[in-house]
1. To make sure I understand, if each residue's beta carbon is the centre and we count other beta carbons within 10 Å, what order do B:V110, A:V28 fall in, fewest to most?
2. Hey, for a label at A:H271 modelled as a point 7 Å past Cα toward Cβ, could you say which residues of region B:124-140 have their backbone N under 15 Å away?
3. Please give the FRET efficiency for A:T52 paired with B:A74, using the beta carbon to beta carbon distance and R0 = 45 Å, rounded to the nearest 0.05.
4. Round to the nearest 0.05 the FRET efficiency obtained for A:K309 and B:V201 when R0 = 60 Å and r is the Cβ-Cβ distance.
5. With a point put 7 Å past each Cα toward its Cβ, work out how far A:A234 is from A:K368 in nm, to one decimal.
6. Which whole-number percent of Cα pairs in region A:229-348 have a distance greater than 22 Å?
7. Select from A:P168, A:P224, A:P329 the residue whose mean-square fluctuation is largest in a Gaussian network model of chain A (Cα-Cα springs shorter than 10 Å).
8. Please compute the length gained on full extension between A:A289 and A:R133, using 0.36 nm multiplied by the number of residues separating them and subtracting their Cα-Cα distance.
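None of the figures in this text is laboratory data; all of them are computed from the coordinates on show. Every value quoted in this text rests on a predicted model; they were computed, and no experiment measured them. A quick note on method: Cβ atoms are made from the backbone with ideal geometry, for glycine too, and the neighbour counts reach across all protein chains shown.
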Amino acid sequence: MRWWAKRWIGLGAALAVVLTAAPADAQVKIRFQTWHWGETPWVKSLEEFQQTFNAANPGIQVVRDDSRYADKEAVFITQSQAKAAADIPHFSYRAIRHLADRGFLLDLTPFVEKEGGAQYLAQWDQAALEMCRYKGKLYCLPDDLNPLVLMYNTGHFREAGLDPAKPPTTWPEFLDYAKKLTRDTDNDGKIDRWGVGVIGARQEGLFMRFNPWLWGAGGDYLTPDGKRSALDTAEAIEGFRWYAELFTRHKVVPPGVIEQGAQEVRTQLAHGKVSMIITLPAAVGIVQAINPKLNVREVMALAPVPVGKQKVTSAWFSMRVISTSAKNPDAAWKVYKAWHEKDQQMRNFRIAGVLSTRLDVKNSPEVKNDKFAKVFSAQTPYVKWEPLLAEWPKIGDAMITAVQEALTGVKPPEQALKDAHAATNRALGL
Amino acid sequence: MRVGRTWHDRHLGVLFVLPATVMLVAVLVFPAAVTLKLSLSPEGGLASWTLTLGHYRAAFTDPVLAQAFRNTFAFVAASLVGHLLLGLGLALALNQALPGQTLFRLVALVPWTIPDVVAGIVFRWVFNPVHGSLNPLLQQLIPGFPPDFSWLSSPALAFPSVIFANVWRGYPLVMVMLLAGLMAIPRELYEAAAVDGAGRVRRFLHVTLPGLSTIILVALALDMVWEFRRFALVLTMTGGGPGTLTEVLSTLVYKSYFQFFTFEYASAVAILMSAVLFVLSVPYIVLVGRERT
């Protein structure tokens, strides 16, 4: 080999060593992913967690990783397939089993065993904890569990001659109130305020608002053995009609209902376009952030979801998980554990208003005596869940299709639900 | 003559195309092969070599997929007509020697610079019956127009509304191609036709259209491929609703993969979609091939 060739090879080898050497900064970065980074009430809580943890753990750095609520699963699946997912992502309970089945979630059992096993887990609401167990493994610690209630504008109640201290308790009363609250406030001959904000957009949030009507009428998605659709029962049709006819027949819902998602409906409440919505504890802070001029804690009041034949409500339940693509699972667990400790969960309540599943937070005097939190907490015994089946996403999608078809008149409610019944049975392989 | 050719001479060409070939295999062939394999795998069975046609069988009996195919064809056809009419009209206008011609040409390109997601969100708000800008505008123009008229919530108008937004979003591609074609038609042909007594309409029919025919076909063939895959605009405007009235193939694949977690079924639908798209692309491939020969 000639002398110049040897030099070039030597230079190339030296460059390769320099370029591939480990960086001097050996700090472990843990990507903490949530869609809440963009929500004003949450940002403070998240940033305080990030700063507190990073200051106390110089070897680990929690870094912000944003995801959008609507495509959080899409982002995580894509990143997981590339083995580059965030270390600690955030989901609702509906996604956990599907993601676990695909091998994207880390079994937390070994970490929990090191912390004391059953004694460590006894700190959480056991029913909520069960939702994290799947096929003998533990995929999460439960985070916030928030029953849905009715939020209403007391000022609008007074303007319509309704007593804010006596919110509607039954469906007929709810409809009566909604009709009285639907008004032309500037006397130009056009309705400009509606009694109730209803979600009709194709999103996860629709189920939570729709389920109390389906279940409240005595209906359900599936038969008790979970093997067939139960959407053809008279009770299911009754609940379905109630929800759809608020818009189609009684006109107590703003136009464009299938364009309204949870955030649009909260925006309508914040700006006085609607008077009542069915919502979550976090909505208190979100509505306040949407309209800072509104004193939400004074103007808004909460009440249980009006009752049909059965007292029942649905709930928002979310949890963090650790991804199997986490490069440093021990560091990820350290961050994960810190997020679920009492101080942070209490901070989440104080700042974002969410209810923790940690018993010491849930049963603390501060939570129990809070004007709004106690209304939400009182509904916990009435919470019901959608069926946790592999086929649920398809069944849920069939129901959203039916709701949209009924709301827009594509089909009469009976036909729309009949088609959802058939689609549900198809999804179940029948 | 082969005498004197070295190894370099014989293989240099291969070396030149190697990086591009590796890149194509990495970003095109490999993902396509994985998707094909996934579409033939039983649920959760990508790692094994057990193959099944079950997902294709399920696809052929899925009523939502059938509707998505119909919707996609209608969406593509209507969008192509809109793009051609608007693109040709504007190309003709922008080919005139007008003051500020460059500025107008730039302005006409603006929709092409806007990402689909942004266009979808903007149009969703334009069409919103409570806060939107379209209804107040129509009320000014048409006395008695209902203030809360629903566009995207209307079974009859949701699809046309999405197509309208897509025509606005996508016409510049066709316009630019046709404008380039118009500029290439020799002025002498128009002058000769005028001398022969041809009016504006006859000049358009007998000079402009024949001069543009190949470009129109190429533009429409390319546009068809683009529109067949259109995803974000539909997803952000309607999410496929009301019900499944605006569901197109790309949104169905997305839903099946990321929302239903049925990766294998979604891959089968994606393969079917690619096959149809390939067949539809044949005229373009033939045209380009002819141009080269």
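1. Working: B:V110 10, A:V28 17.
Final ranking by Cβ density, sparse to dense: B:V110, A:V28.
2. B:124-136
3. Numbers: r = 55 Å, r/R0 = 1.23.
Calculated value: 0.20.
4. On the way: r = 71 Å, r/R0 = 1.19.
The formula returns an efficiency of 0.25 here.
5. Taking the two extended label points, one gets 4.4 nm.
6. Working: 4120 of 7140 pairs.
More than 22 Å apart: 58 percent of the Cα pairs in region A:229-348.
7. Answer for the Gaussian network model of chain A: A:P224.
8. On the way: separation 156, 0.36 × 156 = 56.16 nm, distance 3.55 nm.
Between A:A289 and A:R133, full extension yields an extra 52.6 nm.
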